[in-house]
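Report on one structure; see the data block that follows.
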Amino acid sequence: MSRRNRNPVTARRGPSLNLILTAVVVVLAVAVLGGVLLTNRSAADGTSAALRPPGSHTLSQSTDDKVTVVEFLDFQCPACVAYHTNITRQLEQDYQDRFTFVPRHFPLDMHPLAVPAARAAEAAGRQGRYREMHHALYDGFDSWAVTEDGRSTSADLARATAAFERFASQVGLDLDRFRADLSSPKVQAAIDQGRADGRRLGVTSTPTFFVNGVRFQPQATSIADIDRELRALIDRELAG
Amino acid sequence: MSRNLAWLHTVGGGLGLIAATALTLEKIARLRDPSYVPTCSLNPVLSCGSVMDSAQAEVFGFPNPLLGVAGFAVVVTTGVAVLAGFSPPRWYRIAMNAGTALGVVFVHWLIAASLYDIHALCPYCVVVWIVTIPLFWYTTVDTWPVLSPLRAVHGAVLALWYAVIAALVLAAFWDYWTSLL
């Protein structure tokens with residue numbers, strides 16, 4: 001009964017202040033958030049540019065770009081070398097030309113030689129030998145990235161530089177040009193770009209993989225299982 | 001305590017209890033078998049696994065959802081008791097407000113951790129965020145007569161609160177949301 005009496009009163013007064021304000025907030029929020037999201041649809045392109053800016057190196061290049069794997073890496077990170085030895089090196093061979101594999105620099109501050117190593121890779125890239133130097137840096141990890149007793153992270157730049165020059169000769173680089181390129185601003189710019197893009201994509205540790213733009217977060221803990229998980233994902237994307 | 005608030009405690013507390021229980025069960029399953037993938041791990045962004053495995057998931061040395069199971073059970077019980085005719089004394093209502101205040105502070109700390117440290121959203125946790133905010137807000141305006149002017153705009157405050165969190169979630173996982181479009 002009281003309800004019946006109240007209704008006409010409310011009807012005469014119109015909707016309450018609370019209702020109006022709530023509706024205003026909801027409509028504004030939906031309009032602003034939805035609008036921002038919709039008008040920035042092209043931001044998805046921004047993501048792909050952040051993942052793989054023009055001129056990025058590739059360790060494998062497919063013709064159709066159906067599957068693109070991007071790895072943010074640090075040459076002096078122990079987990080990265082473990083991934084390289086046990087996962088990516090073989091993956092690169094097994095899926096060569098069937099997937100596009102883009103390495104990006106994400107040198108971490110805790111590794112004093114990560115930036116010099118990234119410079120060496122970029123400098124080799126300027127002579128068209130990025131891939132060879134990339135593998136040489138990881139294959140020769142023990143000779144520059146860790147101390148001679150193999151127990152801790154090395155900070156010995158002279159020893160590392162000597163190792164990088166040895167790798168440079170092995171992969172057939174013009175050594176004078178290689179030395180000059182190590183301090184080139186373009187080389188540094190490529191590294192800075194990797195760091196900035198990685199941060200933008202929320203990368204905080206290495207290695208971090210993105211498979212077709214989606215961050216790969218393995219559920220497995222053993223490296224063999226992670227390898228299987230990554231391969232299964234790539235196979236799914238290739239089939240899909 | 002108003003009947004509306006009692007209903008909110010019953011329904012909101014019930015949803016929170018379900019979410020906290022689900023998370024506890026997922027945690028047990030994961031402890032039993034470390035390779036177990038939680039049912040709420042849908043993709044890299046919507047992922048309970050990465051949230052549950054984080055250091056922030058055990059702030060007090062035991063899994064957070066246990067706090068939820070205990071806390072939300074009290075909220076539901078209070079709601080049902082009030083609907084059944086219980087009229088809580090002043091100290092009880094203040095205690096409920098203090099409890100929901102602790103809950104809402106904790107939830108906001110967890111939101112920050114989820115968005116800026118863990119970089120993943122866990123669906124059950126989001127349910128807890130969604131119910132804890134109104135539980136705190138409406139318990140507060142109901143408990144303190146001095147706040148009665150705010151009752152005139154209660155829905156707008158809640159909507160604004162949700163909108164700010166939605167905007168933060170949108171910004172933090174921007175690349176994910178745009179990839180869905």
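Out of B:Ser50, B:Ser54, B:Ser35, B:Ser41, I need the residue that is in contact (Cβ under 8 Å) with a residue 60 or more places away in the chain and at the interface with another protein chain (Cβ under 10 Å from one of its Cβ atoms). Which one?
Values: B:Ser54 fails: at the interface with another protein chain (Cβ under 10 Å from one of its Cβ atoms); B:Ser35 fails: in contact (Cβ under 8 Å) with a residue 60 or more places away in the chain; B:Ser41 fails: in contact (Cβ under 8 Å) with a residue 60 or more places away in the chain.
After applying the criteria, what remains is B:Ser50.
Among the residues of the range A:160-174, those that are surrounded by 16 or more Cβ atoms within 10 Å (Cβ to Cβ) and among the aliphatic types (A, V, I, L, M) comprise A:Ala160, A:Ala163, A:Ala168, A:Val171, A:Leu173.
Just checking, how many residues over the range A:158-214 are among the β-branched types (Val, Ile, Thr) and closer than 26 Å to A:Asp227 by Cβ? Break it down into steps so the answer makes sense when it comes.
So the first thing to find is which residues in the range A:158-214 are among the β-branched types (Val, Ile, Thr), and the list is A:161, A:171, A:187, A:191, A:203-204, A:206, A:208, A:211, A:214.
Those still in the list that are closer than 26 Å to A:Asp227 by Cβ too: A:203-204, A:206, A:208, A:211, A:214.
Residues in the range A:158-214 being among the β-branched types (Val, Ile, Thr) and closer than 26 Å to A:Asp227 by Cβ: 6 in total.
Screening A:Ile191 with (1) crowded, with 17+ Cβ neighbours inside 10 Å; (2) within 30 Å of B:Val51 (Cα to Cα); (3) not basic (Lys, Arg) gives one miss only, at (2).
When residues in the range A:8-66 are screened for being modelled with pLDDT of 80 or more and either among the small types (Gly, Ala, Ser) or within 30 Å of B:Leu150 (Cα to Cα) (or both), 26 of them pass. Looking at A:Gln127, is it at pLDDT 90 or above, out of contact with any strand residue (DSSP E or B) (no Cβ under 7 Å at 6 or more places or on another chain), in the same structural domain as A:Gln188 (by TED's automatic domain parsing) and more than 24 Å from A:Arg166 (Cα to Cα)? So A:Gln127 fails the test. Taking the range A:111-159 as the range and being part of a helix (DSSP H, G or I), buried (at least 19 other Cβ atoms within 10 Å of the Cβ) and hydroxyl-bearing (Ser, Thr, Tyr) as the test, the residues that pass are A:Tyr130, A:Tyr138. Checking B:Val164, B:Val157, B:Val153 one by one, the residue that is within 13 Å of chain A (Cβ to nearest Cβ), touching a Phe, Trp or Tyr at 6+ places or on another chain (Cβ under 8 Å), part of a helix (DSSP H, G or I) and β-branched (Val, Ile, Thr) is B:Val157 and no other. So which of B:Gly99, B:Gly61 is modelled with pLDDT of 95 or more and either closer than 22 Å to A:Ser205 by Cβ or surrounded by fewer than 18 Cβ atoms within 10 Å (Cβ to Cβ) (or both)? The match here is B:Gly99.
A quick yes/no check of all residues on (1) β-branched (Val, Ile, Thr); (2) assigned to a loop (DSSP other than H, G, I, E, B); (3) without any contact (Cβ under 8 Å) to a residue 40 or more places away in the chain; (4) within 14 Å of chain B (Cβ to nearest Cβ):
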| position | (1), (2), (3), (4) |
| --- | --- |
| A:Asp181 | no, no, no, no |
| A:Lys186 | no, no, no, no |
| A:Ala189 | no, no, yes, no |
| A:Gln193 | no, no, no, no |
| A:Asp197 | no, no, no, yes |
| A:Thr206 | yes, yes, no, no |
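Within 13 Å of A:Ala190 (Cβ to Cβ) and either in a strand (DSSP E or B) or at pLDDT 95 or above (or both): does that describe A:Pro103?
Details: within 13 Å of A:Ala190 (Cβ to Cβ): yes; either in a strand (DSSP E or B) or at pLDDT 95 or above (or both): yes.
Judged against the criteria, A:Pro103 is a match.
The values are calculated or read from the model by the stated rules, or taken from the named source; none is laboratory data. Keep in mind it's a predicted model, so treat the numbers as computed, not measured. When we count neighbours, we look across all protein chains shown, and the Cβ atoms used for this are built from the backbone with ideal geometry, even at glycine.
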